[in-house]
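The values are calculated or read from the model by the stated rules, or taken from the named source; none is laboratory data. These numbers were taken from a predicted model, which means no experiment stands behind them. Every residue, glycine as well, gets a Cβ built from its backbone with ideal geometry; the counts of neighbours run over all protein chains shown. For accessibility, only protein heavy atoms count, side chains too; no ligands or nucleic acids. Shrake-Rupley method; radii C 1.70, N 1.55, O 1.52, S 1.80 Å.
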Amino acid sequence: MAENRASGNEEGQAAATEESATGTGEPIEPPAEASAGPRTEASAVTPAEAYAEGVPCWVDAQLADVEAGRRFYGDLFGWSFEEAHGTSVWALLDGEPVAALAPKTDGRMPTVWTVSFVTPDAAALSRRITAAGGQLVIPPTPVGELGTAVLATDPEGAVFGLWQAGSHPGFGRRREVGTFVWAELYTRDTAAANAFYGDLFHDALFGEGARPDFGRADVTDVYPPEMPPHFLTHFRVADLDEALGAVQRLGGRVQAPPFETSYGHVAVVTDNQGASFALLRR
């Protein structure tokens, strides 16, 4: 949401190999007294879902060249674009906002996609994050009349955003072809991740009728030791092979060829500037 914000390092966006990724997509496990909600699918964003704390509501990319990003993602996903807050642009699908692209203000900043989660009270949730061992990279910051943004890390260092909506609630479309469909947390301590996110976003993960849009995968010894925990943004595609061909034609590359997960058939790629993301076919 906020333009030009910091994010996790580029190593954190490195993709898993096919062998190491097999079996990823485990849901965040609930506390003993809770039970996971059904993981059904829908593309519409209902008011209740849009404002439930802990629901992924937005993704944005920090890029060195936003115009190049517009060409890449516009061709890949059929997005159009319009000017947004400051120097960032909104990506639109059928006229509805689905993501944002923002220019890096410093070449040393990473080229990454960042996922943000809904909160009705950014200040209160920020305090809970720090009390649970996380850190604030950017404290609650107003973004014009659009809302309030936060950038935080969990106790292991995985970077994520919070969004307290003003005039902009987040995704206009999701879970359908050309839009956000899943966020996967790669973590070296699944028990800690279960505890942290299970408490932080309890209702979104385990509440009645919950349809979680993110899970976690264990970072095992097959991953390079310099790869820190991180979130990987997934976009839905109709044909995985066709989408991979388009990525390569547009100057991106395939980091992990298609592999099966509990949430669908996935491939991990980078765009033509090095930002990693995943393509998901269900």
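Summary of values
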{"item": "Added length on full extension, which subtracts the Cα-Cα distance from 0.36 nm per residue, ARG71 to GLU83", "result": "2.8 nm"}
{"item": "Probe 1.4 Å, protein heavy atoms only - accessible area per residue of region 98-189 in square angstrom", "result": "33"}
{"item": "For region 209-282 and region 107-146, distance of Cα centres in Å", "result": "23"}
{"item": "Full-stretch length increase - ASP239, ARG108 - with 0.36 nm per residue and alpha-carbon distance subtracted", "result": "43.7 nm"}
{"item": "Cα gyration tensor shape of region 179-257, rounded if a/c is under 1.5, else prolate or oblate by comparing a/b with b/c", "result": "oblate"}
{"item": "Peptide ranges 164-176, 123-135 listed from the most packed, as the mean C-beta count within 10 angstrom indicates", "result": "164-176, 123-135"}
{"item": "Two-site label geometry, ASP203 and GLU145: point separation in nm, points 7 Å out along Cα→Cβ", "result": "2.7"}
